[in-house]
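Enquirer: What follows is a structure written as structure tokens; I'll ask about it next.
The values are calculated or read from the model by the stated rules, or taken from the named source; none is laboratory data. None of the values given here were measured: they were computed from a predicted structure. So basically every Cβ, Gly included, is an ideal-geometry build from the backbone, and we count neighbours across all protein chains shown. The area values use the complete protein model at the heavy-atom level, side chains included, leaving out ligands, DNA and RNA. Shrake-Rupley method; radii C 1.70, N 1.55, O 1.52, S 1.80 Å.
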Amino acid sequence: MDFVIPIDSQADIPLHRQVYEKIRLQILSGRLTPGQRLPSTRSLAQSLGISRATVTQSYEQLLSEGYLETTLGSGTFVCDQLPDDLLNTVPIESTSSATNSSITLSAYGKNLNNKAFLRLPELELQINFTYGRPAFDKFPIDLWRKLLSRHCRSHPSVLDYANDSMGYQPLRQAIASYLSRSRAVKCTPEQIIIIGGSQQGLDLIARLLIDTGDLIAVEEPGYLGAQRAFLSQGACLFPISVDKSGLEVTNLITTSNIKLIYVTPSHQFPTGAVLSLERRLKLLNWAQQSGAIIIEDDYDSEYRYSGHPIPALQGLDQGNSVIYIGTFSKVLFPALRLGYLVLPNNLVHIFTRAKWLTDRQCSLLEQHALTDFIGEGHLERHIRQMRSLYNQRRQILVQSLISQFGDRVQILGDNAGMHLMIKIDTYMSDEVIVQNAAQLGLGISAAHPYYLNNSPGSEFILGYAELNEQQIQEGVRRLAQVILGV
Ligand SMILES: Cc1ncc(COP(=O)(O)O)c(C=O)c1O
């Protein structure tokens with residue numbers, strides 16, 4: 001972790017006090033977030049060129065005041081619960097040694113200060129079933145480098161501001177025809193806006209369509225990235241339960257005043273359920289009757305290993321009820337930060353304005369390279385190869401789980417995606433399982449943080465796309481060691 005604390009060895013203020021003060025200010029200003037791990041006293045002392053005893057003294061002071069907490073064997077973290085009065089005003093770090101001033105956050109800033117935004121500490125783990133990460137080593141990086149350098153050389157315009165904020169027109173054209181071929185999405189390139197990944201799409205949707213107090217329906221359990229974007233605008237979240245056919249649409253129909261609903265119909269996050277055709281039609285019908293907007297997040301629909309793909313909701317929509325979000329984070333790589341919104345015609349103009357105001361445009365160089373990547377057939381080839389690889393990895397994971405846990409494990413969700421959810425028959429708490437697994441160098445995520453109401457517990461999300469056969473088998477063996485003691 002990069003951790004920079006400017007200290008002044010010539011100043012009158014003792015060094016341990018300076019370190020204490022700087023860390024405290026970083027916590028209060030939100031630069032260090034609750035749950036975030038601090039460097040060890042030894043490594044911080046080394047990087048600052050001061051004694052370890054000095055750093056230890058500062059840490060001890062912060063621990064005693066409730067800014068930090070320690071977990072035996074895992075390190076020192078920013079406290080999850082800071083004293084309430086500290087959360088309302090945020091002192092800003094002053095450049096001089098003068099006294100600190102305080103600023104009052106906007107409604108948006110205050111919403112971000114909410115506990116729902118806590119990040120969990122990131123640990124270094126040998127085998128990590130973290131979800132959502134593709135097989136990085138299989139990405140055709142040499143080809144990508146060639147495409148980037150082709151456009152660097154031949155198009156000086158890739159260095160310039162774009163003509164408009166919707167994105168590179170040939171890329172929007174390529175995406176429109178890809179979506180029509182593979183997802184039965186009905187759109188023209190003029191309905192597509194290129195965005196910096198799905199998260200930017202969710203942020204734009206929240207800012208343009210949500211006011212404080214609006215009732216927004218979300219899947220229960222559901223995707224935190226969407227919920228947090230909605231909460232940041234003061235939304236009231238209304239959870240709708242999910243069963244093995246996806247969202248329980250009947251529970252939605254009986255509720256009034258819902259302005260917008262967020263769904264992941266192709267592969268519900270995190271349960272993996274696929275929304276049945278019957279429910280898709282009911283959902284669309286409800287949206288048309290009630291005037292609500294449906295946000296369809298199609299984040300990993302490319303990976304379906306059996307059965308016929310069900311067309312996207314957007315393609316079944318007879319009205320203007322669906323905003324469709326797609327991302328290249330799963331099919332290519334997340335650091336690319338490219339995705340797209342497919343919008344009803346009447347919303348294109350306002351979203352384009354908001355995109356311009358937010359960041360002008362996505363990087364043109366990557367948009368040019370991606371246009372060729374799609375146009376020359378590499379995208380669909382890569383997806384085919386990854387579909388076969390991830391299918392194998394999923395089968396290995398399922399077999400390993402069954403052979404280690406037998407009927408004590410239930411595999412939830414459809415035969416699709418890059419992660420699966422399991423329910424384990426155990427009396428151990430989720431926290432103890434996750435912590436004990438981490439002690440064995442194994443990363444797994446409990447599903448309970450994805451529930452707004454009480455979760456049933458003993459459910460875990462396992463991402464497998466990035467792990468090879470040996471890692472998957474060894475990971476499941478360690479999980480069995482934690483839970484079954486074998
Ligand atoms: C449900 C869902 N939507 C979207 C994304 C991708 O987000 P982005 O495109 O911002 O990388 C993820 C990533 O894990 C996800 O789980």
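Enquirer: Over the residues of the chain, compute the C-alpha Rg and express it relative to 2.2 N^0.38 Å.
Expert: 1.05
Enquirer: Something else: With contacts defined as alpha carbon pairs under 8 Å and 6 or more residues apart, what's the relative contact order of the chain in percent?
Expert: RCO, the chain: 17 percent.
Enquirer: Right, something else. Name the shape class, rounded, prolate or oblate, that the alpha-carbon gyration tensor gives for region 192-240, where a ≥ b ≥ c are the square roots of its eigenvalues, rounded holds for a/c under 1.5, and otherwise prolate holds if a/b is larger than b/c and oblate otherwise.
Expert: oblate
Enquirer: Now a separate question. Return a single number: how many Lys pairs in region 156-376, at a sequence separation of 8 or more or on separate chains, have alpha-carbon atoms below 24 angstrom apart.
Expert: The result is 9.
Enquirer: Kindly report, to the nearest 10 Å², the accessible surface of Glu366 as traced by a 1.4 Å probe over protein heavy atoms only.
Expert: Per-residue accessible area (Glu366): approximately 50 Å².
Enquirer: Here is a follow-up. Compute the acute angle (0 to 90°) between the alpha-carbon long axis of helix 15-28 and the principal axis of greatest extent of the alpha-carbon atoms of the chain; round to the nearest 10°.
Expert: The two axes meet at around 30 degrees.
Enquirer: Note down the magnitude of the dipole of the chain about its Cα centre, charges +1 on Lys and Arg C-beta and -1 on Asp and Glu C-beta and zero elsewhere, to the nearest 20 debye.
Expert: Here the size comes out at about 1020 debye.
Enquirer: A follow-up question, please. Sorted from largest to smallest, which semi-axis lengths in Å does the alpha carbon gyration tensor of region 169-220 give for its equivalent ellipsoid, taking the root of 5 times each eigenvalue?
Expert: Ellipsoid half-lengths, sorted descending, are 27, 14, 10 Å.
Enquirer: With the full set of protein chains in place, find how many percent of the accessible area of region 179-226 is carbon and sulfur; take the probe as 1.4 Å.
Expert: Carbon with sulfur: 52 percent of the solvent-accessible area.
Enquirer: Shifting gears a bit: Place +1 on the Cβ of every Lys and Arg and -1 on the Cβ of every Asp and Glu in the chain, take the dipole about the Cα centre, and give the residue among Thr271, Val398, Pro221 whose Cα lies farthest towards its positive end.
Expert: Val398
Enquirer: What does the charge count near Ile325 come to, summing +1 for each Lys or Arg and -1 for each Asp or Glu among other residues with Cβ under 10 Å from its Cβ?
Expert: -3
Enquirer: Which whole-number percent is the relative contact order of region 348-478 (Cα, under 8 Å, 6+ apart)?
Expert: 25
Enquirer: Still on this model: Taking the dipole about the Cα centre of region 336-396, with the C-beta of Lys and Arg at +1 and of Asp and Glu at -1, give me whichever of Leu379, Leu341, Leu389 is farthest to the positive side.
Expert: Leu389
Enquirer: At 1.4 Å probe size, with no ligands or nucleic acids counted, give the accessible surface of Trp356 in Å², nearest ten.
Expert: My reading of the accessible area for Trp356 is about 130 Å².
Enquirer: Which value in deg cm²/dmol, rounded to the nearest 500, describes the helix-derived mean residue ellipticity at 222 nm for the chain, given -39,500 (n - 2.57) per DSSP H run of n ≥ 4 and division by the residue count?
Expert: One gets -12500 deg cm²/dmol as the mean residue ellipticity at 222 nm.
Enquirer: If one takes the longest principal axis of the Cα atoms in the chain, at what angle in degrees, from 0 to 90 and to the nearest 10, does the Cα axis of helix 169-183 lie?
Expert: Its long axis makes an angle of about 70 degrees.
Enquirer: Can I ask one more? Have a look at Leu48, Gln173, Leu462 and report the one farthest towards the positive end of the charge dipole of the chain, computed about the Cα centre with Cβ charges (Lys/Arg +1, Asp/Glu -1).
Expert: Looking along the dipole axis, the top candidate is Gln173.
Enquirer: Where the eigenvalues come from the Cα gyration tensor of region 156-376, what are the semi-axes √(5λ) of the equivalent ellipsoid, largest first, in whole Å?
Expert: Its equivalent ellipsoid spans semi-axes of 28, 20, 15 Å.
Enquirer: Right, another one. Please give the helix 364-375 orientation as an angle from the longest Cα principal axis of the chain, in degrees from 0 to 90, rounded to the nearest 10.
Expert: 40
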